[in-house]
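Undergrad: I'd like to ask you about the structure that follows.
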Amino acid sequence: MRRISTTAIAFALLSYGVAAGATESTSELIRRDAPKGITKTFYECIDKADSDNIEEAACLSQERARQDHRLNTTYAALLRKLNPDQKKRLVEVERAWLKFRDNTVDFEDTLFENDIVDNLQVEENELFVIGKRADELDEYLAIAGGK
């Protein structure tokens, strides 16, 4: 019986070691929680940064600019597809979303510590909020385009 226990423990440790050796890249870890519209360029940039916080911050900043552009472009295209009442409602909803986004960022600024890693997390969270909203507007545009 003791031999079986020892063998089981050794096998468990070996399995753990093999699993631990198969680590995911930083971009793969980020991709798990990321909105679908985050670009391949961002993930490549993150992997190239190789855990350099300054480089990662640059990647986040560049992707935020891309996602802001995507959000604004999709919003404008969606407005062109809507009737006057729908346009009015979308403008109201978007203003509420902007307030939500700003309040979330303000809250997270107070919640996280003031070091580079925490600042990067706040930046990533904000990027994902923007990317998720751009994804939602893409879906609305697809629906409105079908009318």
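Undergrad: Tell me yes or no: at least one residue of the range 32-39 is hydroxyl-bearing (S, T, Y), in contact (Cβ under 8 Å) with a residue 24 or more places away in the chain, out of contact with any Gly (no Cβ under 8 Å at 6 or more places or on another chain) and part of a loop (DSSP other than H, G, I, E, B).
TA: Scanning the range 32-39 turns up at least one residue that is hydroxyl-bearing (S, T, Y), in contact (Cβ under 8 Å) with a residue 24 or more places away in the chain, out of contact with any Gly (no Cβ under 8 Å at 6 or more places or on another chain) and part of a loop (DSSP other than H, G, I, E, B).
Table: residues versus (1) polar (S, T, N, Q); (2) under 19 Å from the mean Cα position of the chain (by Cα).
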position: E56; (1), (2): no, yes
position: E63; (1), (2): no, yes
position: H69; (1), (2): no, yes
position: T74; (1), (2): yes, yes
position: K87; (1), (2): no, no
position: E94; (1), (2): no, no
position: R101; (1), (2): no, yes
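Undergrad: Within the set of pairs 6 or more residues apart or between chains, which connect a residue that is farther than 9 Å from A134 by Cβ and among the charged types (D, E, K, R) inside the range 69-83 to a residue that is modelled with pLDDT of 95 or more and in a helix (DSSP H, G or I) with Cβ atoms less than 7 Å apart?
TA: Matching pairs, first to second residue: K81/L141.
Undergrad: Next question. Does the range 128-146 contain any residue that is more than 16 Å from T74 (Cβ to Cβ) and in a helix (DSSP H, G or I)?
TA: There is at least one residue in the range 128-146 that is more than 16 Å from T74 (Cβ to Cβ) and in a helix (DSSP H, G or I).
Undergrad: Taking the conditions exactly as written (modelled with pLDDT under 95 and either surrounded by 15 or more Cβ atoms within 10 Å (Cβ to Cβ) or at negative phi (or both)), does S15 satisfy them or not?
TA: Yes: the conditions hold for S15.
Undergrad: Give me a count of the residues in the range 81-120 that are of a type outside the set (K, R) and either touching a Cys at 6+ places or on another chain (Cβ under 7 Å) or surrounded by 14 or more Cβ atoms within 10 Å (Cβ to Cβ) (or both).
TA: Summing the residues that are of a type outside the set (K, R) and either touching a Cys at 6+ places or on another chain (Cβ under 7 Å) or surrounded by 14 or more Cβ atoms within 10 Å (Cβ to Cβ) (or both) in the range 81-120 gives 12.
Undergrad: Taking A77 as meeting all but one of (1) touching a helix residue (DSSP H, G or I) at 6+ places or on another chain (Cβ under 7 Å); (2) of a type in the set (G, A, S); (3) closer than 18 Å to L127 by Cβ, write down the number of the exception.
TA: Result: A77 fails condition (3) only.
The values are calculated or read from the model by the stated rules, or taken from the named source; none is laboratory data. Bear in mind the structure is a predicted one, so any value in this text is a computation, not a measurement. Glycine also receives a Cβ, built like all others from the backbone with ideal geometry; neighbour counts cover every protein chain displayed.
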